[in-house]
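Structure first, then comments.
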Amino acid sequence: MASANDKSERLQSNEEVIEELTKDLESSCVREGGDQKEDGSSVTRSKDARLDGDSWDVLDKERNEDSDDNAQNTEPLEDVDEVLLKDRDLSLTESEQEVLKCEAENLKQVGNDLFKSGEYVQAISQYTQGLQTCPLVYSKERAILYANRAAAKAKCQTEKDSAISDCSKAIELNSSYVKAYIRRAQLYEETEKLDEALEDFKKVLTFDSSHIEANHAVRRLPPLINERNEKLKTEMLGKLKDLGNMVLKPFGLSTNNFELEKDPNSGGYSVKFHQNPM
């Protein structure tokens, strides 16, 4: 049997081997992925590390590591966690932020090309990755990414509410972004939110009084809003009448026993009762 000292020596040898292997692996990673600081030390700044696993990763943690190669076959990434982005940005230099902005610009361009080709789901994914990459300090660039993603979502019939949210975020980042107001107004109208659409079109005219679509809309929408309101009013009165008849029926009465008369002087109404309405 081996003595305790022999076991101790073998254990020590194993630890030394593991330490040596780990040391070699660490130095190899630094050589392959590192940049050099001004003082000559290495800093690991590979693109894959930024996207897939370091301390400021803002991608979906369940996303496959090779999803960039299969972007055409994946669902679009929806979440943009600005809390994580803010934490990440605190550790970046101005030059690093500029590099990330350029990367986001490239992602946006890929999204634009996919959009033009009718690949809207894939375009959404590219715009989302652009938003996850672009530093928060570049508010106008991020506004464009949100507006472009809204345009792609608008092409997907089930994504219109989400597209409206993206337009609102773009406007929050750039309050004079006319294209975002127009896009949101169109989406509001498509989802039958006519009052909100009218307000956005009016807002556009404060930036560009000659805007053709907005000028047409501020004349076209008010009659549609009035027509809708009258329809809603009629439906509401019909429901109230049905409810009233249900309450009055046990007494042998109905809402036809009551008539509203308007006072021409005061503009108010009085109720007139008829025992046997015709």
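The values are calculated or read from the model by the stated rules, or taken from the named source; none is laboratory data. Note that the structure is a prediction, hence the values are computed from the model and not measured. Neighbour counts run over all protein chains shown; Cβ positions are idealised from the backbone, glycine included. The area values use the complete protein model at the heavy-atom level, side chains included, leaving out ligands, DNA and RNA. Shrake-Rupley method; radii C 1.70, N 1.55, O 1.52, S 1.80 Å.
Among the candidates Ser162, Ser210, single out the residue that is hydroxyl-bearing (Ser, Thr, Tyr) and under 30 Å from Ser125 (Cα atoms).
Ser162
Looking at segment 240-267 only, could you name the residues that are at pLDDT 75 or above and either among the aliphatic types (A, V, I, L, M) or within 48 Å of the chain's Cα centre (by Cα) (or both)?
Listed by number, the list holds a single entry, Met246.
Hey, does segment 109-116 have a residue that's open to solvent by 10 Å² or more (accessible area, probe 1.4 Å), among the acidic types (Asp, Glu) and under 26 Å from Ile225 (Cβ atoms)?
no
Yes or no, residue by residue, for (1) in contact with a Cys (Cβ under 6 Å, 6 or more places away or on another chain); (2) polar (S, T, N, Q); (3) open to solvent by less than 20 Å² (accessible area, probe 1.4 Å):
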position	(1), (2), (3)
Val99	no, no, no
Asn106	no, yes, no
Glu141	yes, no, no
Leu173	no, no, no
Leu194	no, no, no
